[in-house]
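Notes for the one structure printed next.
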Amino acid sequence: MVVVKPTDVVPSASIKFFGAGTAACIADLITFPLDTAKVRLQIQGESQKVKGSSAVKYRGVFGTINTMVRTEGARSLYNGLVAGLQRQMSFASIRIGLYDSMKQFYTRGTESAGIVTRLMAGCTTGAMAVAFAQPTDVVKVRFQAQVRLADSERRYNSTLDAYKTIARNEGVRGLWKGCMPNITRNAIVNCAELVTYDMIKELILKYDLMTDNMPCHFTAAFGAGFCTTVVASPVDVVKTRFMNSGNGQYTSAINCALTMLRNEGPAAFYKGFMPSFLRLGSWNIVMFVTYEQIKRGFGV
């Protein structure tokens with residue numbers, strides 16, 4: 001993503017596109033339990049309102065994981081993995097793989113890209129990715145939110161069943177539920193994640209703090225993960241709640257946010273912050289380091 005030396009071979013757009021999807025899938029396989037824990041913590045206050053005080057209470061990242069393993073089995077940590085991998089292959093390929101191409105589009109092919117250009121590129125690819133891959137995100141969240149107990153009926157039996165059931169019960173629009181808050185979230189996430197990574201890496205190389213290798217990619221990815229979590233957590237919680245809600249529970253994403261604020265207070269917007277940071281930080285590290293290696297390996 002940073003300006004390369006003339007001797008470096010620039011990978012093609014197709015390599016970046018498929019490389020980003022592959023790297024994101026690898027990152028998801030490693031960090032998915034943290035993402036599931038984040039979803040459970042984000043909807044916990046909502047579940048207690050609906051189900052009463054007997055609802056399972058999750059405490060902290062590892063407490064949530066431990067509770068899920070004890071009450072639902074270890075497989076519950078990977079609820080929605082198939083939809084998650086479908087999401088990353090389509091979603092990350094667009095928002096990350098096309099980022100450089102979009103930067104060049106806005107700068108009309110020149111190598112110099114300012115902060116505004118980078119933000120525009122991040123917002124554009126983030127919105128494009130959501131518009132295309134939203135159904136996979138809805139199904140992933142629904143699976144992660146459903147409690148798997150031996151004596152309880154599952155909300156969905158399989159990924160395909162989830163797509164069919166949502167379309168049948170809620171209409172095709174149900175598969176795009178929460179699309180607008182998700183576009184908002186991913187515009188923020190994409191800008192915070194890609195632009196921060198881009199700029200941190202560029203500064204590290206500019207001042208010769210590190211060479212363009214794995215420690216540099218690790219440092220830039222860690223910084224990007226922290227910045228993204230701080231900025232995106234409130235809209236991420238609203239997105240998760242709204243996408244997981246049943247028919248008529250909320251009239252809109254704004255109504256969902258106002259209901260959260262009224263019933264649970266401002267702190268509700270940062271529910272699941274630690275798993276969000278652990279997940280985004282580790283996800284960014286795995287994804288960007290893998291992505292850089294794929295680009296380097298296939299760009300030669």
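The values are calculated or read from the model by the stated rules, or taken from the named source; none is laboratory data. Everything numeric in this text was worked out from a predicted model, so none of it was measured. Virtual Cβ from ideal backbone geometry, glycine too; neighbours counted across all protein chains shown. To get the accessible areas, we keep the full protein, side chains included, count just its heavy atoms, and leave off ligands, DNA and RNA. Shrake-Rupley method; radii C 1.70, N 1.55, O 1.52, S 1.80 Å.
Once the dipole of the chain is set up with Lys and Arg at +1 and Asp and Glu at -1 on Cβ about the Cα centre, which of Ile94, Pro33, Ser14 lies farthest towards its positive end?
My answer, from the dipole projection, is Pro33.
Would you mind checking which residues have amide H under 5 Å from Thr107's amide H? H placed 1.01 Å from N; only 5 or more apart, or other chain.
none
Would you mind working out the magnitude of the charge dipole of the chain relative to its Cα centre, with +1 at each Lys and Arg C-beta and -1 at each Asp and Glu C-beta, to the nearest 20 Debye?
820 debye
According to a simple spin-label model (label point 7 Å from Cα along Cα-to-Cβ), what is the distance in nm between Asp161 and Thr107?
So the label points at Thr107 and Asp161 sit 5.0 nm apart.
Can you quote the Å³ per residue value for the convex hull of the Cα atoms in region 179-300, rounded to an integer?
116 Å³
What are the ³J(HN,Hα) couplings of region 10-20, residue after residue, when phi is run through the Karplus curve with 6.51, -1.76, 1.60 and θ = phi - 60°? Round to Hz, x for glycine and proline.
7, x, 6, 4, 5, 5, 5, 4, 6, x, 5
Before I look further, what does the chain give for accessible area per residue, probe 1.4 Å, in whole square angstrom?
46 Å²
Taking only the Cα atoms of region 208-269, how large is their convex hull per residue, in Å³?
Dividing the Cα hull volume of region 208-269 by its residues yields 105 Å³.
List the GluC sites (Glu not before Pro) in region 107-206 that DSSP assigns to loop (not H, G, I, E or B) and whose Cβ has at most 11 other Cβ atoms within 10 Å. Which are they?
Answer by residue number: Glu111, Glu153.
Of the peptides 75-83, 217-225, 155-163, how do they stack up when ordered by the mean number of other Cβ atoms within 10 Å, highest first?
Ranking, from highest mean packing down: 217-225, 75-83, 155-163.
Working out 0.36 nm times the residue gap between Ser14 and Val230, then minus their Cα-Cα distance, what length gain in nm do you get to one decimal?
Full extension of this stretch gives 74.6 nm more.
Taking a 24 Å limit on the Cα-Cα distance, which of the listed pairs Lys57/Lys164; Lys201/Lys271; Lys38/Lys239; Lys16/Lys103; Lys103/Lys239; Lys164/Lys271 fall beyond it?
Pairs exceeding 24 Å: Lys57/Lys164; Lys201/Lys271; Lys103/Lys239; Lys164/Lys271.
Taking the radius of gyration and the Kirkwood hydrodynamic radius from Cα positions alone, what is the Rg/Rh ratio for the chain, to two decimal places?
Answer for the chain: 0.99.
Rounded, prolate or oblate, given the Cα gyration tensor of region 241-283, with a/c below 1.5 counting as rounded?
It comes out oblate by the Cα gyration axes.
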